[in-house]
Each structure stands twice: as structure tokens, then as C-alpha cells.
Amino acid sequence: MKSLGSIRRSFAPWTDPSAKPYISFRNVTKKFGTFVAVDNLSLDIYHREFFALLGASGCGKSTLLRMLAGFEQPTSGEIILDGVNMAGTPPYRRPVNMMFQSYALFPHMTVEKNIAFGLKQDGLPKNEIAERVAQMLKLVKLEKFATRKPHQLSGGQRQRVALARSIAKRPKVLLLDEPLGALDKKLREETQFELMDLQQDLGLTFVVVTHDQEEAMTMADRIAVMSAGKVSQVATPAEIYEAPNSRFVADFIGDVNIFDGLATPSQGALDIAVTEGFTIRTPVGSGDTQGAMRGFAIRPEKIRVSREAPVNAGVNSAKGEMWDIAYLGDMTVYIVKLTNGQTVKASSLNAQRSVENPLGYDEDVWISFDGDAGVLLKD
């Protein structure tokens, strides 16, 4: 199977003003009684995109997916798929297929009969069904398991059967609702890459719902971070991680340290006075931020921990006490308690097998970072 690297690096239709979205949610609202599950949401997804809807339980991501599938109808707004308004179109007439977290396999049917079920329902000729089932079995590498029943398969194999059944009908869009939630960690990680390979080979548009940040960051071309029925940010995984557009997104995606303080311009930069003896100087800012309280978000891996005070101590650096240490094998995580009481998480890659004179508990240490290593929060 060919590498996806060159494909994924060059795939960015959302940056092309002339590119037309394949799926469009236009001012979509969904209410259940007085509860607003999806709130006036607009979102574009492009052909062959692997798109992730990411958020905590109750944020509206599964409701959005179910509306696209046709299992729920919008209270207001439009859903456009390949130029066609889906209003009033029942699920079985939509060019989409949905794979559920439970897999929903028929326990009394063999693998090949599970895959063939939807094709038989559509009335395809027997020879075409047999040919397509054989293609699907080969695609998901289950040729040797064709005559087994679901209870005779592992969790990963059942997941592949459900996937094969979902794509056998050749939908334009495949919807995946927490597709890997039932798998153990190692198998889940392996399957993420298999899904990416399959999506590229098939040339389909995948829309996945997940609450697993790592899963979304690994598989998706773009991620929509959702909260309370709205989209907080839509961007590539790298942009979401490195340049969150709000405090909520910064805090939701991965680990982050957020420092708050009074902001004042300083020689073309912005100084944020966190506490006495600790100022963050970042090379972004303007005069209109003078006197405003601002937040500065920085990831643990961007922070250095040392016994010695850095040059220009107190600017992008602060003194503290080593509060906790976690050795994780590939990295070590440090929790440092600053003099103002705030705890800071820093992480260091264990690039060498052993470390001489390692940092210990209760030591006086300094944290430091580059001014452009974090991001100034807008709210």
C-alpha cells in the first residue's frame, strides 16, 4: 500500500476559494423540546476529506451526524450533500452509510452474509453481490474469516466487518460514530492508520464523531471542535493544537498551561504581568491591549525545567518548587509549583537512556520558555 504522506500534505481544498464543499450545513438548528442540541451551525466539508467532529458528551456532534444520515431532521436550516438539499430525503435514499460504535452485526450470519446484507436489500444480482463481497473481504483482509460468525471474531475483526458492510454499498459519504470506542488501546491505534489507508484507497469522504482527541488528531484532515451545539474552531490538527482560537479550545485539546495577567505594549511586543517577578513577553500585540487582562497558553513540551536561573530571569521564566514527577518511559512529566501557587506542567523527551543527576522532588527549579512558543488567547 502506498504512503499517504504526499497525498495528505497536498490535500487542502478548504484553502482554495474556488473549491465547492461536498457537504454543507447551513444555519442548522436541532431542538428536542426546549433543549437546543445544535445551535444555528454552519459547516463545510470537502470531497475526499477525512473530517472529525470532536467534543465532549452532549456537545451535539452525534446529533449532527444523525441529521446528515437522515435519522433526525433539522428544526431549521439546510443540509446540502453534493449539491442536493437533503430535506425530506429518508435515510435509505441518501448516498451515505453509517457505521455505529456497537457495529450492529447480525450474530446468526457469517461475515460474508453480514457484508452482503445491504446489497441483497438493494436487489443487486447474485454475481455482483458475490464479486463485491469478495472485494470487501480482500480490502479489510478478512478473506480467511468469510464463513465465521461475529462471536468467533476478535473486536478488531468485528470492527472490520462492520466497516466492510458500510462501504460495500459504495456510499458517497461514510459516517462513523465513535467507531473505535470498543477496541483496546493498542488495537485502536493500529486501526486508526488502517482507516486512513482505506479512506484514501476508496476515495470516499469520511465524517467521524469522537470524543478522543488523539484519535481525531491522528486521522482527520480537519477537526471541528464543538461545544454546546456550536463549532468553536475548524482547522487542521496542527493548527488546532498550536494556534487554538479560544481558551476553551486550548484547554480542551491536549495538555496546556494558561497564564493570565495584565497586558501592556513593550518595544513592539506585549508584556503580560502574571505575578511579581514573572512577566511573559510575546512578540504579538498592539496598543489596544494596554491595560487588558489577557491569557497566554503554552504546551508542556515547550517549557524547560532547570536548576539554574535562565538569562534575564523573570521574563518568560519563573521560579518554583518541584511538586511532582512522572516517568512515562518516552518522556518525563514535571509538575512545578510557582511562588504564586500556580502549578505548571512541563514535559521532557527522554532522548537518552539514562540521565545524570536528575531533577528531584522538592527542589528549587526554574521554568522557562520562548516568547513565541505559546499563543495569546482572544478570550
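The values are calculated or read from the model by the stated rules, or taken from the named source; none is laboratory data. Everything quoted here is computed from the prediction, not taken from an experiment. Note: ideal-geometry Cβ built from the backbone for every residue, glycine included; neighbour counts use all protein chains shown.
Computed quantities for the displayed model
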{"quantity": "Selected residue [under 20 Å from Cys59 (Cβ atoms) and either of a type in the set (D, E, K, R) or over 10 Å from the mean Cα position of the chain (by Cα) (or both)] from Met217, Met293, Met226", "calculated": "Met226"}
{"quantity": "Subset of region 201-214 [in contact with a helix residue (DSSP H, G or I) (Cβ under 7 Å, 6 or more places away or on another chain) and part of a helix (DSSP H, G or I)]", "calculated": "Leu202"}
{"quantity": "Single residue of region 132-153 satisfying the filter (surrounded by fewer than 14 Cβ atoms within 10 Å (Cβ to Cβ) and at pLDDT 85 or above) that is nearest to Glu194 (Cα to Cα)", "calculated": "Glu143"}
{"quantity": "Thr210 being more than 13 Å from the chain's Cα centre (by Cα) and either outside the structural domain of Leu43 (by TED's automatic domain parsing) or among the polar types (S, T, N, Q) (or both)", "calculated": "no"}
{"quantity": "Number of the condition not met by Ser57 [criteria: (1) at pLDDT 95 or above; (2) within 15 Å of the chain's Cα centre (by Cα); (3) surrounded by fewer than 23 Cβ atoms within 10 Å (Cβ to Cβ)]", "calculated": "(1)"}
{"quantity": "Search result, residues across region 336-354 that are within 17 Å of Glu308 (Cα to Cα) and not basic (Lys, Arg)", "calculated": "Val336, Leu338, Thr339, Ala346, Ser348"}
{"quantity": "Residues (among the aromatic types (Phe, Trp, Tyr) and exposed (fewer than 15 other Cβ atoms within 10 Å of the Cβ)) located in region 317-355", "calculated": "Tyr327"}
{"quantity": "In region 165-188, the residues that are surrounded by 15 or more Cβ atoms within 10 Å (Cβ to Cβ) and either part of a helix (DSSP H, G or I) or free of Cβ contacts under 8 Å to residues at least 24 places away in the same chain (or both)", "calculated": "Arg165, Ser166, Ile167, Ala168, Leu187, Arg188"}
{"quantity": "Leu175 being touching a helix residue (DSSP H, G or I) at 6+ places or on another chain (Cβ under 6 Å) and of a type outside the set (Ser, Thr, Tyr)", "calculated": "yes"}
{"quantity": "Condition check for Arg94: touching a strand residue (DSSP E or B) at 6+ places or on another chain (Cβ under 8 Å), buried (at least 16 other Cβ atoms within 10 Å of the Cβ), charged (D, E, K, R) and assigned by TED's automatic domain parsing to the domain that holds Pro150", "calculated": "yes"}
{"quantity": "Residues within region 312-346 that are over 19 Å from Val274 (Cβ atoms), out of contact with any Phe, Trp or Tyr (no Cβ under 7 Å at 6 or more places or on another chain) and not acidic (Asp, Glu), tallied", "calculated": "7"}
{"quantity": "Some residue of region 267-274 being within 29 Å of Ser368 (Cβ to Cβ), of a type outside the set (D, E, K, R), assigned to a strand (DSSP E or B) and modelled with pLDDT under 90", "calculated": "yes"}
{"quantity": "In region 294-320, the residues that are more than 13 Å from Ile280 (Cα to Cα) and in contact with a Leu (Cβ under 8 Å, 6 or more places away or on another chain)", "calculated": "Glu301, Val305, Arg307, Lys319, Gly320"}
{"quantity": "Complete set of residues in region 129-162 that are of a type outside the set (D, E, K, R), closer than 22 Å to Arg188 by Cα and not in a helix (DSSP H, G or I)", "calculated": "Val140, Leu142, Leu153, Ser154"}
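Okay, residues lined up against (1) in the same structural domain as Thr29 (by TED's automatic domain parsing); (2) surrounded by fewer than 19 Cβ atoms within 10 Å (Cβ to Cβ); (3) assigned to a helix (DSSP H, G or I):
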site: Gln199; (1), (2), (3): yes, no, yes
site: Ala216; (1), (2), (3): yes, no, yes
site: Ile223; (1), (2), (3): yes, no, no
site: Ser232; (1), (2), (3): yes, no, no
site: Ala238; (1), (2), (3): yes, yes, yes
